[in-house]
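In what follows, a structure is listed as structure tokens, so that the remarks can point back to it.
The values are calculated or read from the model by the stated rules, or taken from the named source; none is laboratory data. The shown structure was predicted, so the numbers you read here are calculated from the model rather than taken from an experiment. Heads up: the accessible areas ignore ligands, DNA and RNA and are worked out on the full protein's heavy atoms, side chains in. Shrake-Rupley method; radii C 1.70, N 1.55, O 1.52, S 1.80 Å.
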Amino acid sequence: MMANNNKSQEDEHKLRIHLLKAVEEGKVQRDDFGLNPILFALQTARLLMEEIGLKREAVIAVLLRPIVESEYLTLEKVEQDFGTTVGRILHGLRRIQELYLKSQIVETDHLNFVRSQGENFRNLLLSFAEDMRVILIMIADRVNLMRQIRDTTNEDARQEVSQEAAYLYAPLAHKLGLYKLKSELEDLSLKYMEHDAYYHIKEKLNATKQARDIYIENFIGPIEKKLKAAGLTFHMKGRTKSIHSIWQKMKKQKCDFEGVYDLFAIRIIIDCPIDKEKQCCWQTFAIITDMYTSNPKRMRDWLTMPKSNGYESLHITVLGPENKWVEVQIRTERMDEVAERGVAAHWRYKGVKAEGGLDEWLSSIRQMLENADDGLGCMDQFQMDLKDEEVYVFTPKGDLMRFPQGATVLDMAYYIHSKVGSACTGARINNKAVTFRQVLQSGDQVEILTSSNQKPKQEWLNIVKTSRAKAKIRLALKETQQKEAMMVKEMLERKFKNRKIEQDESLMMRTMKKLGYKEASDFYRDIANESLDIAAVIDKYLELQQGDKTVTGDNQARSADEFVLEEHIASKTQQNEDVLVIDKNLKGIDYQLAHCCNPIYGDDVFGFVTAGGGIKIHRCDCPNAPEMRRRFGYRIVKAKWSGKGSSQYSITLRVIGNDDLGIVNNLTSIISKDEKLVLRSINIDSNDGLFRGNMVIMINDNTRLETLIKKLRTVKGVKQVERI
């Protein structure tokens, strides 16, 4: 093996010395299966050379791996004796081993882990290996192990190794296009994990082999004659599906062995110049479809549009003798070489789909594999770029999580659960304490630290990377603000009661605006964090309340554009002819009309039982209605109007328009013409040619109110009229 791989005598001499000395000193022990690591390494090295095509550096690394892992030989000594590339490969293999230990696979539900985390783990291996040869060595190592454990008595260990082969290594080999090794891993894992199914199919294949061979010979005989007559140079071979593939078909189609009709495929490989490849393939296609009826639904044209991994071929399914469907693959020698060297024919639509930069990576591998002379020698300069796309980290239990590059500990905390994220104070990464701002790196083992005193903050939105975490932080902030708002509201109510001040909700909203707040949430937040003094709020409230009381006909207008109408008419005494029916036809119950929405006769209303036991009547479209229904649904009672609607109610209209001469007179004249309407007060503010005014009007019911609003909207210059 040494001579065939063109290793120098110096390499061979150094290897022999290191290996023999390690064995003599007892540094190499048999593994869990009783296998000799040195002999096992020799078998893996042969597999790497003969079935993958790796050369000097990879083979030396494999042979030295047992004595490096036993700490007999250091990486520094390896680099000194055999070069930096061999050292880099061994360093990558060591990192992968550490990754395995960190994932704590053996201590978890092994089958559940590899099934649920398999894709993440495969991508992590790809991004974690420093040299692509590390991944190829791992696959070869696993294939060799699967070959050697046939007669082991350690059944538990064999089951774990087989599970990893099926769910991690076989898909990984598929990703790299190592079709033969992938099929072998799948078949051997099936053999060890589902013994009865494997041997059932194997016996069926053996029993039908003679008949299958005869059928293939009868099928390809006429085709050979036609192709030779057309002057084509080619060879043909039949390929039986792997036992694993047949078993998957049986499970998917829920049928027995006899129900799987495409047990084999015929491959026609044409020898022709590169510039005539497509012409020869389509010529062969025409000859076959002229002889046998084809199924157009099962045709695959990867000549016109090759797969992203470089695979080129024509696949057709035709109806052969005895009315059996037969798959025929048409390709050239070059195309077959690419496929046989590793770029699997079906990885894109049957295997694991590539993500991120994997397509480009696979394309680079394909180009390397196509170069039969150089093999994989150029991989010295090849480094993977997947690490720039995403990172993979472990939880303390060994679960694997995937995040975009730049994600932080806080991202991971919110990924686990909203409560964990909102309580996150930091983490322990690889047993080292860090803040929640720490950026995650592939292979990290992360334990989130929390505190019941922690609360989400606005600046957290600038720390997290994922949209999921941002959305959860916004929701947590909103919930926190709502809780603070309710606490502040209750505190304000107590303060007002202590000073024996009746609190009016509409006046409170005006107080907020006068204090410079556009949003109530900001107002309550500043009171909660004590940046706004409650005493200042109460003083402003009393100032506005006193101002409302002095708006009478006796007052002088402060300026022409601030106050227009100086007429004040006392409100009429309610005639109590309106009846409000509450809950289940109850009448005569005391109630108050809520100041926040000022309901009038005809409005859709509901009752709200206050903390003191009284009932306040609110409009159904009251601004506070949604919050009351959400938080105090049990205190809501039905209510509806009855009677004649002859009482008068105070309502406020907001009017916005152009500050034209006479516009206020036009508005007030419409009200004065209706004897059943009484204008109590009007306040106007004018700015930059626009006015905004509030008109307080006594009115009987909402029908008359709707009529009034329509009339006011017809006044020239009026832009908006709405009830508040």
How much length is gained on full extension from Ser686 to His13, taking 0.36 nm per residue of separation minus their Cα-Cα distance?
232.3 nm
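Tell me the carbon and sulfur percent of the accessible area for region 264-304, rounded to whole percent, probe radius 1.4 Å.
In region 264-304, the share of accessible area belonging to carbon and sulfur is 51 percent.
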Round to a whole number: what % of the accessible area of region 647-701 belongs to carbon and sulfur, probe 1.4 Å?
41
Dividing the alpha-carbon Rg of region 220-329 by 2.2 N^0.38 Å yields what?
1.15
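What translational diffusion coefficient, to the nearest whole µm²/s, does region 413-464 have by Stokes-Einstein, given a Kirkwood radius computed over alpha-carbon pairs, a temperature of 4 °C and 1.567 mPa s viscosity?
Estimated via Stokes-Einstein, D reaches 114 µm²/s.
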When the distances between all Cα atoms of region 624-724 are binned every 5 Å from zero, what whole-number percent does each bin get?
2, 11, 20, 19, 14, 11, 10, 7, 4, 1, 0
Would you mind checking the pairs Lys77/Lys432; Lys457/Lys518; Lys397/Lys478; Lys397/Lys472; Lys55/Lys175; Lys540/Lys711 and listing those with alpha carbons more than 27 angstrom apart?
Lys77/Lys432; Lys397/Lys478; Lys540/Lys711
Expressed in angstrom, Rg and Dmax over the Cα atoms of region 638-685 are 14.7, 47
Could you provide, to the nearest whole Å², the per residue accessible area of region 395-449 with probe 1.4 Å?
45
Per the rule of 0.36 nm per residue minus the C-alpha distance, extending Asp213 to Leu461 adds in nm 82.6 nm
Heavy-atom surface of region 269-308, accessible at 1.4 Å and reported per residue (Å²):
62
Largest first, please: the extent of the C-alpha atoms of region 395-486 along each principal axis, to the nearest Å.
44, 24, 20
Give me the percent of accessible area attributable to carbon and sulfur for region 43-99, probe 1.4 angstrom.
41
